[in-house]
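To start, the structure itself, in structure tokens.
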Amino acid sequence: MAAGAKDHETVSIYPLDERQREELLTTASECSLNWSTSDGWPVGVIHSFVWKDGRAWITAGAHRHRIAAIRRNPKVSVVVSSAASKRGPGQSLTLKGRAVVHEDRETKDWFYPALAYKGLSGPAAEDFVQRLNSPLRVIIEVIPEKWITFDGAKMAMDTMGTLPDDQRGPMLESDAVRLQREIQRRGLD
């Protein structure tokens, strides 16, 4: 095999653990919400979000194309990078899940302050709550079904030979099967 052709491509073994995942989701200021258009195109938009009760919560105007798309097909993904947090770069996660669109007052009453006070305080946060409080606004709840995570610090430690074995994750199918098949297809073994 070509030197390093396999080693530097195997990244599924560097997952975020549950604590890291929760910390990233609670500290990141924004995410990308991704959905499919009616003609099958994947599309994403950056949103501020709240992570609460094991779910991502996002808001948008009811008239936005993404709301019609989510109502038609609730399969979405949410991508979060540690570059959007106080943690700095190097970590990322994607959650594949199903979205539920909420329009009820109870959800809006807890969500708007949670979103506003996540990044603001005092009068600025209160003003933001008031601006969010529109009869045209809906709340998107994304319920995770699958996680794809990556911890660049673990990869760097492993490259230097300092990553403890118990911090590696299991090799996922993409590396255990698909990578091996691609290496063979390209004659690199």
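Values in this text are rule-based calculations from the coordinates and carry no lab data. Since this is a predicted model, take the numbers as computed values, not measurements. Cβ atoms come from the backbone with ideal geometry, glycine included; neighbour counts cover every protein chain shown.
Of the GluC sites (Glu not before Pro) found in the range 49-153, those that fall in a DSSP loop while having at most 15 other beta-carbon atoms within 10 Å are Glu103. Please count, across the range 80-156, the pairs of lysine residues with Cα atoms under 22 Å apart that sit 8 or more places apart or on different chains. Close lysine pairs under the 22 Å cut-off: 5.
For the listed peptides 30-43, 158-171, 54-67, a ranking on the average number of other beta carbons within 10 Å per residue, highest first, reads 54-67, 30-43, 158-171. Kirkwood hydrodynamic radius, the range 103-189, all distinct C-alpha pairs: what's the number in Å? Here the Kirkwood hydrodynamic radius works out to 17.9 Å. Simple rule: put +1 on each Lys or Arg Cβ and -1 on each Asp or Glu Cβ in the range 17-152, find the dipole, and look at Leu95, Ser48, Ala62; the Cα lying farthest toward the positive end is Ala62.
Note on Lys75: aspartates and glutamates with a C-alpha under 18 Å away, same-chain residues under 8 apart excluded, are Asp39, Glu141, Glu145. Ranked by how many other Cβ atoms sit within 10 Å of their own Cβ, fewest first, the residues Lys146, Lys75, Lys154 fall in the order Lys146, Lys75, Lys154.
Classification of the range 17-152 by its C-alpha gyration tensor yields an oblate form. The axis ratio a/c (a ≥ b ≥ c) is 1.5 or more, and b/c is at least a/b.
Using bins of 10 Å that start at zero, the share of Cα-Cα pairs per bin across the range 149-189 amounts to 25, 38, 34, 3, in whole %.
Taking every alpha-carbon pair under 8 Å whose residues sit at least 6 apart, the chain reaches a relative contact order of 30 percent. Its Cα centre serving as origin, the chain has a Cβ charge dipole (Lys and Arg +1, Asp and Glu -1) of approximately 640 debye.
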